[in-house]
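Presented below is the structure to which this report refers.
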Amino acid sequence: MLGALMPATGRSLRRLGGVTLVELMVTLAIGALLLAIALPSMRDFVSRKRLEGAAQELVTDLRFLKAQQLQHRRPMAISFGTNAAQTCYMLYFVGTNIEHCDCAAAADMCGAANIQGRPEQVRMVTLPRSSGLTLSSDRSSLKLLGYNALPEANRTLVATISSDSVGSARVSTNPVGLPTLCSVSGAYGSLPKCPP
């Protein structure tokens, strides 16, 4: 009975003291293996979220464009541009003398105030080519007009945001200017697969 109450001595104390070098090396090797397996999946996950975020932002901006046109009762437009460093789009109030804004031009005619009939910039979004994302559109601009903020001549828009590594997403508008979003390369995350 007294032996059960006595503290452990000698060898049993040394064994409780920590881990051996071999145990530490095995743990590090397993951790490195798991990291090597998970890293490519994590990189693809981050790329997919970046693509999805850019596409969702374009959808939100198209809805904002329609809301601004309805609120201010002034013609508004979205235009797309590209150059060696970036792809971009711009939301703006259409001017009387110059109607089109080019977000990729070095010296664009759009400004913060509507001076001498120039368009009035509301928002500009750029996607640097270094981000791995590019934006393309089937038309250079889309203008919303009238009491109901309908696209000029019932035109539609199809914009594609592509990633170097994980595919692409498509944002398209219907004849009344409402956007939808889908994945060209298959359903993932919150994006459904685009219809054929």
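If packing is taken as the average count of other Cβ atoms within 10 Å, what order do 126-135, 37-46 fall into, highest mean first?
Details: 126-135: 16.2, 37-46: 11.1.
The packing order, highest mean first, is 126-135, 37-46.
Work out, step by step, the length gained on full extension between N154 and R129: first 0.36 nm times the residue separation, then minus their alpha carbon distance; give nm to one decimal. Walk me through the numbers on the way to the answer.
Working: separation 25, 0.36 × 25 = 9.00 nm, distance 3.20 nm.
This chain segment gains 5.8 nm when fully extended.
Show me, for region 163-180, the HN-Hα J-couplings you get by feeding each phi into the Karplus relation (A = 6.51, B = -1.76, C = 1.60, θ = phi - 60°), rounded to Hz, glycine and proline as x.
Those phi angles translate into 10, 4, 10, 10, x, 8, 10, 10, 10, 10, 10, 9, x, 9, x, 8, x, 10 Hz.
Could I have the simple spin-label model distance between L178 and A105, label points 7 Å from Cα toward Cβ, reported in nm to one decimal?
It works out to 3.4 nm between the two label points.
Only the coordinates and a few stated rules stand behind these numbers; no lab work does. In this text the structure is predicted, and so the values were computed from the model without any measurement. Virtual Cβ from ideal backbone geometry, glycine too; neighbours counted across all protein chains shown.
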